[in-house]
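A short worksheet on the structure shown next.
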(Lines give C-alpha, C1' and ligand atoms only; values in the text may rest on other atoms or scores of the structure.)
Protein backbone atom coordinates (compact mmCIF):
# COMPACT_ATOMS: atom_id res chain seq x y z
CA UNK A 1 0.00 0.00 0.00
CA UNK A 2 1.48 3.33 -1.11
CA UNK A 3 -0.04 6.08 1.02
CA UNK A 4 1.48 8.75 -1.23
CA UNK A 5 0.22 7.50 -4.60
CA UNK A 6 -2.03 9.50 -6.93
CA UNK A 7 -4.86 7.03 -6.31
CA UNK A 8 -4.57 7.48 -2.58
CA UNK A 9 -4.56 11.28 -2.92
CA UNK A 10 -7.75 11.15 -4.98
CA UNK A 11 -9.72 8.99 -2.54
CA UNK A 12 -7.97 8.31 0.79
CA UNK A 13 -11.09 7.69 2.90
CA UNK A 14 -11.51 3.91 2.34
CA UNK A 15 -7.86 3.23 3.20
CA UNK A 16 -7.97 5.58 6.19
CA UNK A 17 -11.10 3.79 7.43
CA UNK A 18 -9.32 0.44 7.08
CA UNK A 19 -6.24 1.69 8.94
CA UNK A 20 -8.36 3.28 11.69
CA UNK A 21 -10.27 0.04 12.25
CA UNK A 22 -6.99 -1.72 13.10
CA UNK A 23 -5.10 0.98 14.96
CA UNK A 24 -5.16 4.76 15.36
CA UNK A 25 -1.47 4.95 14.35
CA UNK A 26 0.58 3.56 11.50
CA UNK A 27 4.28 3.57 10.70
CA UNK A 28 4.99 3.70 6.97
CA UNK A 29 8.23 1.75 6.41
CA UNK A 30 8.89 3.43 3.04
CA UNK A 31 9.07 6.93 4.50
CA UNK A 32 9.76 5.96 8.14
CA UNK A 33 6.91 8.27 9.16
CA UNK A 34 4.40 7.69 11.91
CA UNK A 35 0.86 8.72 10.98
CA UNK A 36 -2.05 9.30 13.34
CA UNK A 37 -5.60 8.61 12.13
CA UNK A 38 -7.95 9.28 15.05
CA UNK A 39 -9.29 12.67 16.13
CA UNK A 40 -8.03 12.61 19.72
CA UNK A 41 -4.57 11.45 18.64
CA UNK A 42 -4.26 14.16 15.99
CA UNK A 43 -5.53 16.79 18.42
CA UNK A 44 -2.92 15.76 20.97
CA UNK A 45 -0.11 15.66 18.40
CA UNK A 46 -0.99 19.15 17.16
CA UNK A 47 -1.05 20.64 20.64
CA UNK A 48 1.58 18.70 22.62
CA UNK A 49 4.81 20.11 21.16
CA UNK A 50 6.94 18.56 23.89
CA UNK A 51 5.91 15.01 22.96
CA UNK A 52 5.40 15.37 19.19
CA UNK A 53 7.33 17.10 16.43
CA UNK A 54 6.42 18.11 12.90
CA UNK A 55 10.01 17.52 11.86
CA UNK A 56 10.63 15.11 9.02
CA UNK A 57 13.62 13.91 7.06
CA UNK A 58 14.06 11.37 4.29
CA UNK A 59 15.62 8.12 5.40
CA UNK A 60 19.30 8.85 5.98
CA UNK A 61 18.91 12.43 4.76
CA UNK A 62 18.97 15.89 6.22
CA UNK A 63 15.83 17.18 7.97
CA UNK A 64 13.44 18.97 5.63
CA UNK A 65 13.60 22.71 6.27
CA UNK A 66 10.04 23.51 5.15
CA UNK A 67 7.44 25.50 7.03
CA UNK A 68 5.09 22.54 7.34
CA UNK A 69 7.83 20.50 9.04
CA UNK A 70 8.73 23.15 11.62
CA UNK A 71 7.47 23.43 15.19
CA UNK A 72 6.54 26.46 17.29
CA UNK A 73 7.82 29.03 17.87
CA UNK A 74 9.58 29.05 14.46
CA UNK A 75 6.48 27.78 12.64
CA UNK A 76 4.27 30.43 14.26
CA UNK A 77 6.64 33.28 13.32
CA UNK A 78 7.07 32.12 9.71
CA UNK A 79 3.35 31.52 9.30
CA UNK A 80 2.58 35.07 10.51
CA UNK A 81 5.02 36.54 7.96
CA UNK A 82 3.55 34.49 5.11
CA UNK A 83 -0.01 35.30 6.16
CA UNK A 84 0.68 39.06 6.07
CA UNK A 85 2.20 38.76 2.59
CA UNK A 86 -0.68 36.57 1.39
CA UNK A 87 -3.31 39.02 2.68
CA UNK A 88 -1.53 41.92 0.95
CA UNK A 89 -1.38 39.90 -2.28
CA UNK A 90 -5.11 39.16 -2.09
CA UNK A 91 -5.88 42.83 -1.49
CA UNK A 92 -3.82 43.80 -4.55
CA UNK A 93 -5.41 41.03 -6.59
CA UNK A 94 -8.91 42.28 -5.99
CA UNK A 95 -12.07 40.25 -5.69
CA UNK A 96 -12.33 36.91 -7.43
CA UNK A 97 -15.67 35.24 -7.85
CA UNK A 98 -16.33 31.95 -6.08
CA UNK A 99 -16.53 30.06 -9.42
CA UNK A 100 -13.11 31.45 -10.39
CA UNK A 101 -11.58 30.32 -7.09
CA UNK A 102 -13.20 26.87 -7.28
CA UNK A 103 -12.16 26.42 -10.91
CA UNK A 104 -8.56 27.39 -10.19
CA UNK A 105 -8.38 24.97 -7.26
CA UNK A 106 -10.12 22.10 -9.05
CA UNK A 107 -7.90 22.37 -12.11
CA UNK A 108 -4.77 23.12 -10.10
CA UNK A 109 -4.07 26.05 -12.35
CA UNK A 110 -3.80 29.70 -11.64
CA UNK A 111 -4.93 31.16 -14.97
CA UNK A 112 -7.45 33.48 -13.34
CA UNK A 113 -4.79 34.74 -10.91
CA UNK A 114 -2.19 35.14 -13.67
CA UNK A 115 -4.66 37.05 -15.82
CA UNK A 116 -5.45 39.42 -12.96
CA UNK A 117 -1.78 39.96 -12.10
CA UNK A 118 -0.75 40.51 -15.72
CA UNK A 119 -3.47 43.16 -16.10
CA UNK A 120 -2.08 45.27 -13.24
CA UNK A 121 0.34 47.13 -15.50
CA UNK A 122 -2.28 47.74 -18.19
CA UNK A 123 -4.74 49.90 -16.25
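Yes or no, residue by residue, for (1) touching a helix residue (DSSP H, G or I) at 6+ places or on another chain (Cβ under 9 Å); (2) modelled with pLDDT under 70; (3) exposed (fewer than 11 other Cβ atoms within 10 Å of the Cβ):
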| site | (1), (2), (3) |
| --- | --- |
| 47 | no, no, yes |
| 59 | no, yes, yes |
| 65 | no, no, yes |
| 78 | yes, no, no |
| 83 | no, no, yes |
| 87 | no, no, yes |
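If I go through the range 13-40 residue by residue, how many of them are farther than 28 Å from residue 62 by Cβ and out of contact with any helix residue (DSSP H, G or I) (no Cβ under 9 Å at 6 or more places or on another chain)?
12
List every residue pair whose Cβ atoms lie under 7 Å apart, where the two residues are 6 or more positions apart in sequence or sit on different chains, the first residue falls within the range 23-51 and is under 18 Å from residue 73 (Cα atoms), and the second residue, located anywhere, is in a strand (DSSP E or B).
Sorted first by the residue in the range 23-51, then by its partner, the pairs are 45/36.
The values are calculated or read from the model by the stated rules, or taken from the named source; none is laboratory data. Bear in mind that the values here come from a model prediction, so they are computed numbers and not experimental data. Methodologically, a virtual Cβ is constructed for each residue, glycine included, from the backbone with ideal geometry; neighbour enumeration extends over all protein chains shown.
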